[in-house]
Amino acid sequence: MIAAIEPTWYLLLAAMLFGIGAFGLLIRRNPLVMFMCIELMLNAANLTFVALATQLGDINGQTAVFFVMVVAAAEVVVGLGIIVSILRRRPGATADDLAELKG
Amino acid sequence: MADLVWLIPAFPLAGFALILLFGRRLGDPRAGYLATAAVFASFAVAVAIYFDLLSRPEDERQTVVTLFSWLPVGSLQIDLAFLADPLSILMCLFVTGIGGLIHLFAVGYMHGDPKFSKFFMYLNLFVFSMTLLVLGENLLVTFLGWEGVGTCSYLLISFWHTRDSAATAGKKAFVTNRVGDFGVMLAMFLAFESVGSLSYPVLNEAAETGSLAASTASGITLLLLLGAAGKSAQIPLYLWLPDAMEGPTPVSALIHAATMVTGGVFLLTRVNPVIVASYDWVPTTIAWVGAITALFAATIALAQNDIKKVLAYSTVSQIGYMVLAVGTGAYVAAIFHMVTHAAFKALLFLGAGSVIHGMHDEQDMRKMGALRAFMPITAATFIVGWLAIAGVPPFSGFWSKDEILLFAMAESVPLYVVGVVTAVLTAFYMTRQVIMVFFGEATWTSHANEDEAPEVAEGDEPVETHDAHGEFKPHESPPVMWIPLVVLAGLAAVGGIINLPNVLGIPSGTQYKLEEWLHPVVEFGEAEITGTWAYDNKVLLIVIAVAAALAGLVLAWTVYLKKRIQPWEPTLFAKGWYYDQAVSWFMGNPGRDGFEAVAEFDQKVVDGAVNGVAVAVKETASGTSRSQTGYVRQYAGIIGIGVVLLLGWFVVIRGIL
């Protein structure tokens, strides 16, 4: 029998996912990829919630995950809409090109 | 009845509103009659209230009528309230009575003027303001009227504003009055600061019970004296009044003789307990301001050739007498002289207006003479006014002037001497005027036509419509103008009966009527002179006063009619002691430099501070906005760093986990 995977591993995985997401957000300029990085970070947080909820036997962590999923879905709808409309107007625009509001 | 006191200002206000709305449609002369009716309606109300107050016991002759709460701000509670008491009703009686007669005269005098209805609109607004001034229950309502008469004065002096001198004179009056208004405002602040109220009864009560410190009372009195000097044309602020003669003559009569200029004396009388509560030198200062003004203006009047300028300086001089009376504690005498002066000076001014009208806008007395044959009624009434102001018994001016001199003597001999010298001068210059205008040789025949033409050409619009060039002949004025003259002449002749002294076998039932009437108002302030040398030698003082009047009269008679003595009219007097020029020079040179320095201070320091703050804010803001680079990834990085720092702070420093 395979030994039960310790919650620590889940947390470690979540931290790695979050790090990749954050790092990707900072270095990539394609808005769509940046968006995916944000999703990655959100899911890293979700994984943390679930892992700790199991470990502590507390259902509240899993409830929070649903909230995050709903918010992420809504965010995707709005965010993708904005990105698509921007790219339609300015094909190939990167996040750095969209700097009209700078001081 | 006294509750209806608000009707007194309401009628002229209604007249003002009606003429404002329908003035053009009413036109000439109906707008004038409407205005006159409004003022006489006020007069009727004032008479009714007078009898109402008279029927009450003496200590109940005071009614406060509150219309509404005007300024309820914290502890500052000011009502728009009227005070109907013997003083205010007396003032209303002569303001509306004599004002009404002047309105009537103006209907004739202003006939044909293109701005006829506007003139009466201003006149009604003026009477409204004046009644507000005298009826106010507190300093602020009075101040509202005070500013109102100042504004109307400006509008009316510069009524013929196309004439440069008229526009300038209006501005001069307004600016000079502002200096005095500033004193009244500061007095109000001081009164509120110390008593917590601007109401006259409260203020006077505080002064009577001694809860008002002598220093505060002195401050209030001196500031009000500054205000009075502005409005009542006393030294050092008298110089607007002679220039104010640029306005139409009824304006000179109404504003600058009968009503507005008495505002200062009225205000000082109103607060007489405060004057008493001041240091002893304060009333003395008031008395000397009045005495010096009286003498000073009388000397200037000696050498004026403009018929209205003589009367203007004589007004300054006569009001000097009133201020002198206030300073010696003779409040009743001051009000008495105010009433008689209102009658005879209105008469003289309207008489002068009638002369100017009959002479086709000629004001120079050197181009008049022997007019009594052409204007018999004007001449006869003017002579009554002349005898009244000269102080010849039994005309009204004699009684009131004598009362003032009596109190001056009781106070100090120098004041009395100044008063008597002024009386001589008054009789002298008025006689000179009467001779130059109505007696002697006719000097107008040769001058009339050559001077007439440029006069009309100067203005943009002809002021009079009945100019008849070529055949010049002075004429008597229409009845609408001489009827007020006759009524005023009657008042000027017998006006003295309201306050006869207890000498020379005058029946005791008729003595000191005005003093009895005003007793509740001036009870606290009125000086007590029984037992003084002056009081015991009243008859002697009367003899001296009569002798002084006759001396001035006879002297002028010999100089100007008999021509036995060469006239002595030094340029110093004709130029008004160069006071005007001195003020102009001072204001033009060091004064101008001073004000320019202030303006520069304002620009550099005050504006500099304000602008500096704005610039600093702008710099900071644009510096901060530069951190908004527009790079989303940079923001994300900053957020990330912030999160790490926060986490580090919680873990390492707060020790959570």
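The values are calculated or read from the model by the stated rules, or taken from the named source; none is laboratory data. Model, not experiment: these values are computed from the prediction. Backbone-built Cβ (ideal geometry, glycine too); neighbour counts: all protein chains shown.
Using beta carbons and a limit of 8 Å, which pairs, at least six apart or on different chains, have the first residue in region B:75-90 and within 18 Å of B:Leu518 (Cα to Cα) and the second one modelled with pLDDT under 90 and of a type in the set (D, E, K, R)? Listed by first residue and then by second, the contacts come to B:Asp85/B:Arg61; B:Pro86/B:Arg61.
Right, A:Phe35: assigned to a helix (DSSP H, G or I), surrounded by 15 or more Cβ atoms within 10 Å (Cβ to Cβ), within 12 Å of chain B (Cβ to nearest Cβ) and of a type in the set (Phe, Trp, Tyr) or not?
yes
The single condition from (1) modelled with pLDDT under 85; (2) loosely packed, with under 13 Cβ neighbours inside 10 Å; (3) closer than 30 Å to B:Phe94 by Cβ that B:Val539 fails is (1). Considering region B:546-566, and only residues there that are in contact (Cβ under 8 Å) with a residue 24 or more places away in the chain and more than 11 Å from B:Ala427 (Cα to Cα), the residue that is surrounded by the fewest Cβ atoms within 10 Å (Cβ to Cβ) turns out to be B:Leu561.
Residue by residue, here is whether (1) at pLDDT 90 or above; (2) among the aliphatic types (A, V, I, L, M); (3) surrounded by 24 or more Cβ atoms within 10 Å (Cβ to Cβ) holds:
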| site | (1), (2), (3) |
| --- | --- |
| B:Leu311 | yes, yes, yes |
| B:Gln318 | yes, no, yes |
| B:Gly327 | yes, no, yes |
| B:Ile335 | yes, yes, yes |
| B:Phe349 | yes, no, yes |
| B:Ala352 | yes, yes, yes |
| B:Lys367 | no, no, no |
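Restricting to region A:65-81, count the residues that are within 12 Å of the chain's Cα centre (by Cα) and more than 17 Å from A:Leu47 (Cα to Cα). Give the steps one after another, and end with the answer.
Initial filter on region A:65-81 (within 12 Å of the chain's Cα centre (by Cα)): A:68-69, A:71-73, A:75-76.
Next, only the ones that are more than 17 Å from A:Leu47 (Cα to Cα) stay: A:75-76.
Here the count works out to 2.
Cβ-Cβ contacts under 6 Å between residues 6 or more apart (or on different chains), taken from a first residue in region A:87-103 that is at the interface with chain B (Cβ under 9 Å from one of its Cβ atoms) and in contact (Cβ under 8 Å) with a residue 24 or more places away in the chain to a second residue that is of a type outside the set (A, V, I, L, M) and outside any helix (DSSP H, G or I), are listed as A:Ala95/A:Arg29; A:Asp96/A:Arg29; A:Asp96/B:Tyr631. Going by what's in this entry, would A:Val68 be described as away from every other protein chain (no Cβ under 14 Å) and surrounded by fewer than 14 Cβ atoms within 10 Å (Cβ to Cβ)? Here the answer is no, as A:Val68 does not meet what is asked. In this structure, B:Ala621 does not satisfy being more than 14 Å from chain A (Cβ to nearest Cβ) and either in contact with a Pro (Cβ under 7 Å, 6 or more places away or on another chain) or surrounded by 10 or more Cβ atoms within 10 Å (Cβ to Cβ) (or both). Could we say that B:Tyr154 is out of contact with any Pro (no Cβ under 9 Å at 6 or more places or on another chain), within 21 Å of B:Tyr33 (Cβ to Cβ) and of a type outside the set (D, E, K, R) here? When the stated conditions are applied, B:Tyr154 does not pass them. If the condition is being buried (at least 18 other Cβ atoms within 10 Å of the Cβ) and not hydrophobic (A, V, I, L, M, F, W, C), then region B:154-180 contributes B:Tyr154, B:Ser158, B:Gly170, B:Lys172, B:Thr176, B:Asn177, B:Gly180.
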